[in-house]
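A short reminder: the numbers here are calculations on the coordinates, not readings from a lab. All figures in this text were calculated on a predicted structure; none of them were measured in a lab. Backbone-built Cβ (ideal geometry, glycine too); neighbour counts: all protein chains shown.
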């Protein structure tokens, strides 16, 4: 069954609690702040605005994919604990925070995560968890110092850079967001979410050629996502690459023939293609 062809996929996962594996919940759009809207007038009203992919749990990729290097992740895409680290008790602030988060009680989760940071200020995951809940509460500016601290403590963890980049994007700090996504991509080059988010920020900044490159990378990593083709088509049309845009719209319809905006997109393809003699 085709996934939502209009809005980019999102994933909500409770921040990490060891040894309990977080259970992701699939949604269409995550968070109330729209990061990138489709700026094509003909499409307005026909489809929901595109949005950046949801931030992942800081210790779990958006889906199981090939790790950047062997040993980066344990089973099912969850990183193994660092060598020499002490097992964390189940009933700690992380567990309480994850329980509150799963129940939708974000204020209670915030209290738990703050307690975790206060109790162990050298724990990168605690800082990342607190940053994630602040973003979930639409406070990306307040989240930045916690993501930055997590990165300072564990700079090799790609997800910390990803979460940092997304918060910067929500604040429309495009250059800083792009730099953070590129760092995440260097650490985890085979992830479609990083490529797609980076493309969206590049598009918003106006660097359409670079956005096309990243959209194509996201498509190569996940060829069956219709929303990636739609985003690519919009950017190609912005570049006045009419034939390429029509082809990308066609791929979108191939993957999502029953999309709510299918007829509108078909009409647009006809406008983009030169009339036959």
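Summary table
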item: Burial ordering of 157, 242, fewest other beta-carbon atoms within 10 Å first; result: 242, 157
item: Region 126-189: translational diffusion in µm²/s, Stokes-Einstein, Kirkwood Rh over Cα pairs, 10 °C, 1.306 mPa s; result: 142
item: Calculated Rg and Dmax of region 99-146 using C-alpha coordinates, Å; result: 9.9, 28
item: Difference of contour (0.36 nm per residue) and Cα-Cα distance, residue 209 to residue 103; result: 34.0 nm
item: Per-residue Cβ neighbour rank within 10 angstrom, fewest leading, 264, 235; result: 264, 235
item: Gain upon complete extension [residue 258, residue 273; 0.36 nm per residue less C-alpha separation]; result: 3.2 nm
item: Region 142-277, Rg to Rh (Cα coordinates; Rh as Kirkwood inverse mean 1/r); result: 1.07
item: Percent breakdown of C-alpha pair distances by 10 Å bin, ordered from the shortest bin, for region 197-277; result: 20, 49, 28, 3, 0
